[in-house]
1. Being in contact with a strand residue (DSSP E or B) (Cβ under 6 Å, 6 or more places away or on another chain) and either touching a residue at least 60 places away in the same chain (Cβ under 8 Å) or closer than 18 Å to residue 183 by Cα (or both) is the requirement here; does residue 204 meet it?
2. With the requirement that a residue be modelled with pLDDT of 70 or more and part of a helix (DSSP H, G or I), what does the stretch 14-57 give you?
3. Would you please name the residue that is surrounded by the most Cβ atoms within 10 Å (Cβ to Cβ), looking only at residues in the stretch 48-89 that are among the charged types (D, E, K, R) and within 21 Å of the chain's Cα centre (by Cα)?
4. Could you tell me which residue of the stretch 90-114 is farthest from residue 209 (Cα to Cα), considering only residues that are surrounded by 19 or more Cβ atoms within 10 Å (Cβ to Cβ) and over 16 Å from the mean Cα position of the chain (by Cα)?
5. Only residues that are free of Cβ contacts under 8 Å to residues at least 40 places away in the same chain and aliphatic (A, V, I, L, M): list them for the stretch 207-242, please.
6. Please specify each residue of the stretch 64-91 satisfying the condition of being over 20 Å from residue 219 (Cα atoms) and either in the same structural domain as residue 205 (by TED's automatic domain parsing) or outside any loop (DSSP other than H, G, I, E, B) (or both).
7. From the list 60, 114, which residue is assigned to a helix (DSSP H, G or I), in contact (Cβ under 8 Å) with a residue 12 or more places away in the chain, closer than 17 Å to residue 141 by Cα and of a type in the set (Ser, Thr, Tyr)?
8. With 232, 199 as the choices, which residue is in contact with a Leu (Cβ under 9 Å, 6 or more places away or on another chain) and β-branched (Val, Ile, Thr)?
Amino acid sequence: MNKLALIILMLVLACTGTAMAQGFTIANDVLGAHNVNGRGCIACHAPHSGAQGNGGSDASTGQVILWGRDFINQTYTTEAGNTFTTPANSAGFTNRTGATALTDKLYRTAVCLSCHDGAVTVQGMTGHTVETLDGVNTAPTWLNQGFSLTNSHPVDIPYLPDSTTIGGTTIASHWPGTVTNGRITWDTTNALANNFNNVYGHPASLVAATDGQPYIECTTCHDHHSMSVARVRIPSTSTTRRLVRTRFFVKGWYDSLNPASNSATQFCRSCHADKSNEAYGVNSVTF
């Protein structure tokens with residue numbers, strides 16, 4: 001075997017070893033359905049003039065993350081029965097809270113609803129995903145609920161580390177932590193939480209609000225830039241992240257097509273601690 005062939009073989013083996021270590025391969029662009037028939041980034045971001053650059057009317061959207069869609073001025077009813085109203089333009093966020101659009105926690109939901117509430121026809125969105133990914137090409141893209149989110153997972157609600165009692169043991173139904181300036185520092189000294197942290201981490205990221213509370217918004221659970229791969233900090237105290245398999249833009253390890261994986265359930269439990277294995281003293285279930 002000549003030297004060049006040996007080098008090529010070593011590279012192939014190195015790449016194969018990396019893929020095996022990660023446990024999955026990527027066959028599609030990680031943007032997934034957000035490629036939007038090949039438009040990619042510019043389907044949501046317009047590098048010139050924001051929404052106005054994409055044929056909309058509000059040039060101010062381009063001043064914040066180059067957002068390329070007009071905002072929809074609508075009032076939504078949440079699962080909890082509360083309501084919130086998305087401003088008609090970027091300036092409306094400043095008027096609503098005294099903050100900028102970028103620091104307003106509702107912005108992380110409003111940008112998603114500007115496409116996904118079904119009120120506006122968006123090129124490339126037909127109500128279902130346009131690409132076939134993970135063997136699925138019928139996942140819904142619109143909420144189609146008449147501006148009601150009452151049968152959707154809650155958004156724009158505060159996340160509070162509270163506690164409950166199961167079998168005489170007090171645990172955090174929302175994992176224990178300390179809120180400082182709208183952010184949670186997870187309590188890794190809690191015995192029930194520590195095992196979960198070490199195996200799964202806390203992939204969900206809460207949004208800090210001007211009222212000092214962390215809030216759940218769309219981007220708490222979803223990474224709109226990656227449909228198939230997530231970066232997870234395991235354990236949650238780690239300074240590095242590992243790549244894991246995911247689906248539907250879920251931020252955590254969400255390999256729901258793998259019958260041997262417990263990831264789909266455990267991702268939800270990263271908020272719903274009282275439903276976790278660890279809360280019942282079962283620490284042996286892993287991915």
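1. Working: in contact with a strand residue (DSSP E or B) (Cβ under 6 Å, 6 or more places away or on another chain): no; either touching a residue at least 60 places away in the same chain (Cβ under 8 Å) or closer than 18 Å to residue 183 by Cα (or both): yes.
Criteria not met by residue 204.
2. Selection gives 32, 33, 34, 35, 40, 41, 42, 43, 50, 51, 52, 53.
3. If we take residues in the stretch 48-89 being among the charged types (D, E, K, R) and within 21 Å of the chain's Cα centre (by Cα), then 69 is surrounded by the most Cβ atoms within 10 Å (Cβ to Cβ).
4. Ranking the qualifying residues of the stretch 90-114, first place goes to 114.
5. 230, 232, 234 - these are the residues of the stretch 207-242 that are free of Cβ contacts under 8 Å to residues at least 40 places away in the same chain and aliphatic (A, V, I, L, M).
6. 91
7. Sole residue among the options that is assigned to a helix (DSSP H, G or I), in contact (Cβ under 8 Å) with a residue 12 or more places away in the chain, closer than 17 Å to residue 141 by Cα and of a type in the set (Ser, Thr, Tyr): 114.
8. After applying the criteria, what remains is 232.
The values are calculated or read from the model by the stated rules, or taken from the named source; none is laboratory data. As the structure is a prediction and not an experimental result, all values here were calculated from the model. Neighbour counts run over all protein chains shown; Cβ positions are idealised from the backbone, glycine included.
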